[in-house]
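The values are calculated or read from the model by the stated rules, or taken from the named source; none is laboratory data. The shown structure was predicted, so the numbers you read here are calculated from the model rather than taken from an experiment. Note that each Cβ is placed from the backbone with ideal geometry, even for glycine, and that neighbours are counted across all protein chains shown. Accessible surface areas use protein heavy atoms only, side chains included; no ligands, DNA or RNA. Shrake-Rupley method; radii C 1.70, N 1.55, O 1.52, S 1.80 Å.
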Amino acid sequence: MTFDIGRVMSATFAVIARHPVVFLGLSLIVAGLPYGLTQYFALSPDLWMSVFSEELITSSGLENAWIGWIVGGTTIFIFYFVLMVLLQAMLIVATIRDMRSQDVDIGQCFAEALRRFLPLIGLALVSLLGIILGFMLLVVPGIILSLMWMIAAPVMVVEDRGILNSLGRSVELTDGSKGMMFLLVIIFLLASGTLSGMAEGIGFFSVTASVLITIIAETAIAAVQAAGIAAVYIELRTVKEGPLTDALEDIFA
């Protein structure tokens with residue numbers, strides 16, 4: 001049995017279709033609306049350029065303004081990073097529960113994700129630093145690490161492993177399937193890039209339409225990404241270890 005892109009995509013969209021409130025609702029709150037707000041400000045320069053008034057530019061307040069922007073931007077990035085890790089964990093839990101034919105609701109998903117929240121933050125930081133270092137080494141190592149560690153988060157959530165063990169288990173499961181996984185990632189990037197590009201292009205004609213498309217696109221992208229990673233994990237375990245019907249019965253027992 002080999003890694004099947006069609007099977008992964010089918011499982012991804014099926015679980016989202018069965019639980020649209022959970023997947024699209026959470027993604028809207030965490031990803032869609034913040035991106036839409038960012039797009040609105042980006043296309044409305046008068047709103048943020050007003051900060052740099054003539055009085056401010058000619059005074060010592062300019063330095064303080066830049067410090068405020070840097071501190072504020074860093075704070076927002078950290079907050080958003082934490083929210084995205086939590087969102088991914090919740091949707092991974094939702095996907096696994098769906099595959100067990102269990103009820104999927106936001107409260108249960110939040111409780112399971114929160115139980116593993118701090119280790120997931122550590123995992124995200126370690127893998128992010130490793131991948132950045134890999135991209136600094138002629139790009140290719142970064143791509144390979146991204147593929148090898150792609151399913152480390154669902155490994156941690158489902159198998160209750162530590163950071164290094166989750167990374168190692170992800171390497172083990174992705175062995176032999178990275179070529180097809182790379183093709184799947186390319187398909188995802190092309191689709192998400194097209195949607196984001198449409199929003200940017202429409203921004204030249206209508207700010208409102210651009211913001212709405214951005215919200216819809218980023219909501220869909222976040223939902224598909226999280227559910228897709230969980231689906232990839234299940235596919236790889238099935239390829240490596242056979243059908244998981246019995247194995248999944250022990251998850252979140």
### Message
Under 13 Å from a point placed 7 Å out from the Cα of L114 along the Cα-to-Cβ direction: which residues of the stretch 91-108 have their backbone N that close?
### Response
106-108
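Using 0.36 nm per residue of separation minus the Cα-Cα distance, give me the extension gain between E172 and I132 in nm, one decimal. The partial results should precede the final answer.
Details: separation 40, 0.36 × 40 = 14.40 nm, distance 2.13 nm.
Length gained, E172 through I132: 12.3 nm.
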### Per-residue ³J(HN,Hα) for the stretch 142-158, Karplus 6.51 cos²θ - 1.76 cosθ + 1.60, θ = phi - 60°, Hz, x for Gly and Pro
x, 5, 4, 5, 4, 6, 5, 9, 4, 9, 4, 5, x, 4, 5, 5, 7
### Task
Report the net charge of residues surrounding S127, where surrounding means a beta-carbon distance below 14 angstrom and charges are Lys +1, Arg +1, Asp -1, Glu -1.
+2
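For T38 and A14, compute 0.36 nm times the residue count separating them, minus their Cα-Cα distance, and round to one decimal in nm. Don't skip to the end; give the middle numbers.
Numbers: separation 24, 0.36 × 24 = 8.64 nm, distance 3.01 nm.
Working it through step by step, the gained length comes to 5.6 nm.
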### Query
With every protein chain present, what is the per residue accessible area of the stretch 112-253 (1.4 Å probe, Å²)?
49 Å²
### Query
Along the charge dipole of the chain, which of V21, L37, V8 sits closest to the positive end, that is, farthest toward it, with unit charges on the beta carbon of Lys, Arg, Asp and Glu (+1, +1, -1, -1)?
V8
### Query
Taking 0.36 nm per intervening residue step and subtracting the Cα-Cα distance, what contour gain separates I29 from D103 on full extension?
24.5 nm
